Amino acid sequence: MNNKENSNLKDYLSKLLKKKIREDGRKPFDYRKISVETGILSQANGSARVKLGDTEVLAGVKIGAGTPYPDGPADGTLMVNSELSPIASDRFESGPPSPASIELSRVIDRAIRESGTIDVSKLCIKSGEKVWMVFVDVYPINDDGNLFDIGLIAAMAALKNARMPKYDEKTEQVNHRELTKDKLPINEEPVMCTFGKLDGEIFVDSTEREELVMDSRLSIGITKKGNICAMQKGGEGTITSSEMMDMIKKAQELSKDLRKNL
Amino acid sequence: MGGKSDKPLIVKGKRLDGRTAEELRPFKIKAGIIKQADGSCELEFGETKVIAGVYGPKKVLPKHLEENTRAFLKVTYSMIPFSTSERNRPGPSRRSKEISKVIKDALAPAINLEKYPQTCIDIHIEITNANAGTRTSAINAATVALIDAGIEMRDVVASIAAGKVEDQVILDLFQDEDNFGQADLPIAMMPRTGEITLVQMDGDMTAAEIKKAIDMCEKACLKIAKVQRKAIIDEYKNNEVKNNE
């Protein structure tokens with residue numbers, strides 16, 4: 001899109017938002033329809049395919065065994081990764097991870113990690129030697145905006161869906177072909193609400209076209225209790241502290257409905 | 001975040017380094033320390049030490065990054081290998097790439113990028129000694145380096161983190177508080193308008209605690225902005241003396 005088209009789009013979307021309406025007929029704080037399918041991939045320990053309007057994300061969990069980090073010899077590890085594959089948008093390019101994909105994975109990781117979602121102390125096989133390592137990969141298939149919120153739902157759905165692989169005590173090997181009935185030790189369900197700001201108007205669940213022209217965004221991770229577990233501002237615009245407090249309040253409200261998808 | 005400290009971090013309202021909840025570490029800022037750069041700054045915030053250099057506005061390389069209506073802003077945050085307790089592998093990590101991105105987003109609103117179309121403004125930030133608050137210190141230093149480079153700005157960007165330690169909201173965490181605390185909330189803002197340009201948070205906080213933390217940060221940013229301005233004025237006076245000799 002060239003500069004002229006961009007500024008035309010911005011004018012158009014901003015005029016709509018001033019009337020409290022969006023291009024697709026939504027109100028500023030409406031989410032698009034969410035659907036979640038889990039357990040769809042047999043090779044993964046846990047998997048989910050999640051849609052938010054036209055945005056679609058695939059998430060998979062692989063669980064392996066490995067040596068623990070020296071600062072937590074009896075703790076399992078968690079790693080969240082995402083890759084913005086060119087299949088999802090012509091804005092993405094293949095090659096080493098872009099800052100945008102690193103940000104996406106790290107913000108999703110932060111919400112899961114900092115809320116203590118997974119009790120890593122229960123993922124110990126042999127202290128100091130072997131622990132379970134949980135890898136969550138988030139793959140957008142179609143990016144029509146708001147990968148943060150739906151990426152976290154996909155990651156959480158896949159984690160909740162995951163079954164532990166079998167561990168053979170004799171050979172000290174993981175048998176990846178056989179899954180046990182055991183689930184991961186999950187005790188929190190963080191969800192994220194990402195707000196956009198365009199010409200001073202605040203809205204939630206942005207589409208790709210809105211993301212192209214919005215000034216700034218704020219992602220807020222909310223725990224079951226309604227506490228905040230992660231935040232990240234993005235975009236080259238600003239927000240005021242009162243806008244931020246309003247967004248937090250709104251996120252606390254919206255999080256209840258979002259969590260119903262898990 | 002996460003781990004547990006073997007000793008209490010706050011005793012009778014005093015923190016381990018003797019500060020109260022709302023007290024900043026001593027800090028100093030000096031502009032114009034790199035001759036080759038168009039603008040530069042050295043900043044110390046407690047034991048955290050940062051050097052920032054600005055090159056530009058200059059030719060955009062590679063050319064396809066050039067923008068017709070504004071300058072292309074490039075921020076590189078990096079920790080030098082001996083800046084951390086364990087040697088930090090040189091080269092960009094995922095952490096440093098994310099931080100570079102949020103710093104760019106924090107500085108961009110304050111820079112008059114439209115004034116310099118088809119150019120590149122390159123900001124390099126090296127952490128020489130890390131003791132928590134490196135991204136906020138990086139922003140404080142980069143702002144001064146940008147002004148030192150003579151780049152048109154709408155306001156200074158001042159930055160500080162608040163956090164939660166032993167259920168108390170405190171300002172400007174140092175290493176132990178950062179490692180063993182319950183939450184960390186770095187903020188950057190333009191003090192003139194109070195607009196926030198950087199927000200990150202991890203840990204567990206209630207909405208009321210966040211409100212308190214932001215109020216603390218707002219006050220601290222005003223203090224920091226004063227010292228940033230002074231660093232520029234000092235450097236300007238310094239140059240004036242040299243030119244007259």
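Restricted to segment B:151-242, the set of strands (runs of 3 or more DSSP E) holding at least 1 residues that are at the interface with another protein chain (Cβ under 10 Å from one of its Cβ atoms) and among the charged types (D, E, K, R) comprises B:183-190, B:195-205.
Scanning segment A:187-222 for residues that are farther than 29 Å from A:Lys15 by Cβ and touching a Gly at 6+ places or on another chain (Cβ under 9 Å), which turns out farthest from the other protein chains (Cβ to nearest Cβ)?
Ranking the qualifying residues of segment A:187-222, first place goes to A:Val191.
Yes or no: B:Thr128 outside any helix (DSSP H, G or I) and either in contact with a Phe, Trp or Tyr (Cβ under 6 Å, 6 or more places away or on another chain) or within 12 Å of chain A (Cβ to nearest Cβ) (or both)? No; evaluated as a whole, the condition is false for this residue. Just to be sure before I move on: is A:Gly72 on the phi > 0 side of the Ramachandran plot, surrounded by 14 or more Cβ atoms within 10 Å (Cβ to Cβ) and within 11 Å of chain B (Cβ to nearest Cβ) in the structure I sent? It is false that A:Gly72 is on the phi > 0 side of the Ramachandran plot, surrounded by 14 or more Cβ atoms within 10 Å (Cβ to Cβ) and within 11 Å of chain B (Cβ to nearest Cβ).
In segment A:233-262, of all residues being among the hydroxyl-bearing types (Ser, Thr, Tyr) and facing chain B (nearest Cβ under 7 Å), the one that is surrounded by the most Cβ atoms within 10 Å (Cβ to Cβ) corresponds to A:Thr238. Within segment B:93-109, no residue that is in contact (Cβ under 8 Å) with a residue 60 or more places away in the chain sits with its Cβ atom under 6 Å from a residue that is buried (at least 20 other Cβ atoms within 10 Å of the Cβ) and of a type in the set (Lys, Arg) at 6+ positions apart or across chains. Out of A:Gly46, A:Gly95, A:Gly53, one residue alone is away from every other protein chain (no Cβ under 12 Å), closer than 21 Å to A:Arg209 by Cβ and either out of contact with any Pro (no Cβ under 8 Å at 6 or more places or on another chain) or at pLDDT below 95 (or both). It is A:Gly53. For segment B:47-103, a tally of residues being away from every other protein chain (no Cβ under 14 Å), touching a Leu at 6+ places or on another chain (Cβ under 7 Å) and closer than 14 Å to B:Thr134 by Cα returns 1. If you go through segment A:98-129 and keep only what is on the phi > 0 side of the Ramachandran plot and within 12 Å of another protein chain (Cβ to nearest Cβ), you end up with just A:Gly116. For segment A:1-25, residues that are surrounded by 17 or more Cβ atoms within 10 Å (Cβ to Cβ) and basic (Lys, Arg) total 2.
One line per residue, one yes/no per condition, for (1) in contact with a helix residue (DSSP H, G or I) (Cβ under 6 Å, 6 or more places away or on another chain); (2) surrounded by fewer than 24 Cβ atoms within 10 Å (Cβ to Cβ); (3) modelled with pLDDT of 95 or more:
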site: B:Arg94; (1), (2), (3): yes, yes, no
site: B:Lys104; (1), (2), (3): no, yes, yes
site: B:Tyr116; (1), (2), (3): no, yes, yes
site: B:Ala158; (1), (2), (3): yes, no, yes
site: B:Gly163; (1), (2), (3): no, no, yes
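Screening segment A:145-243 for strands (runs of 3 or more DSSP E) wholly inside it with 3 or more residues that are closer than 29 Å to B:Ile103 by Cα returns the ranges A:191-198, A:201-204, A:216-222, A:228-234.
Would you check if there is a residue in segment A:203-216 being in contact with a Lys or Arg (Cβ under 7 Å, 6 or more places away or on another chain), at positive phi, surrounded by fewer than 21 Cβ atoms within 10 Å (Cβ to Cβ) and free of Cβ contacts under 8 Å to residues at least 40 places away in the same chain? There is no residue in segment A:203-216 that is in contact with a Lys or Arg (Cβ under 7 Å, 6 or more places away or on another chain), at positive phi, surrounded by fewer than 21 Cβ atoms within 10 Å (Cβ to Cβ) and free of Cβ contacts under 8 Å to residues at least 40 places away in the same chain.
Candidates B:Ile187, B:Ile210, B:Ile214, B:Ile233: the one that is over 28 Å from B:Ile10 (Cα atoms) and free of Cβ contacts under 8 Å to residues at least 60 places away in the same chain is B:Ile233. Scanning segment B:1-44 for residues that are closer than 25 Å to B:Met201 by Cα, touching a strand residue (DSSP E or B) at 6+ places or on another chain (Cβ under 7 Å) and modelled with pLDDT under 90 yields a total of 1.
Checked against (1) free of Cβ contacts under 8 Å to residues at least 24 places away in the same chain; (2) in contact with a strand residue (DSSP E or B) (Cβ under 8 Å, 6 or more places away or on another chain); (3) among the charged types (D, E, K, R), A:Lys19 passes all but a single condition, namely (2). The set of residues from segment A:84-127 being in contact with a Lys or Arg (Cβ under 9 Å, 6 or more places away or on another chain), part of a loop (DSSP other than H, G, I, E, B) and buried (at least 22 other Cβ atoms within 10 Å of the Cβ) comprises A:Leu84, A:Ser115.
Restricting attention to segment A:163-186, does a residue exist that is buried (at least 23 other Cβ atoms within 10 Å of the Cβ), more than 14 Å from chain B (Cβ to nearest Cβ), at pLDDT 95 or above and closer than 23 Å to B:Ala108 by Cα? Scanning segment A:163-186, I find no residue that is buried (at least 23 other Cβ atoms within 10 Å of the Cβ), more than 14 Å from chain B (Cβ to nearest Cβ), at pLDDT 95 or above and closer than 23 Å to B:Ala108 by Cα, so the answer is no.
The values are calculated or read from the model by the stated rules, or taken from the named source; none is laboratory data. What you are looking at is a predicted structure, and each value in this text was computed from that prediction instead of being measured. Using ideal geometry, Cβ is built from the backbone for each residue, glycine included, and neighbour counts are taken over all protein chains shown.
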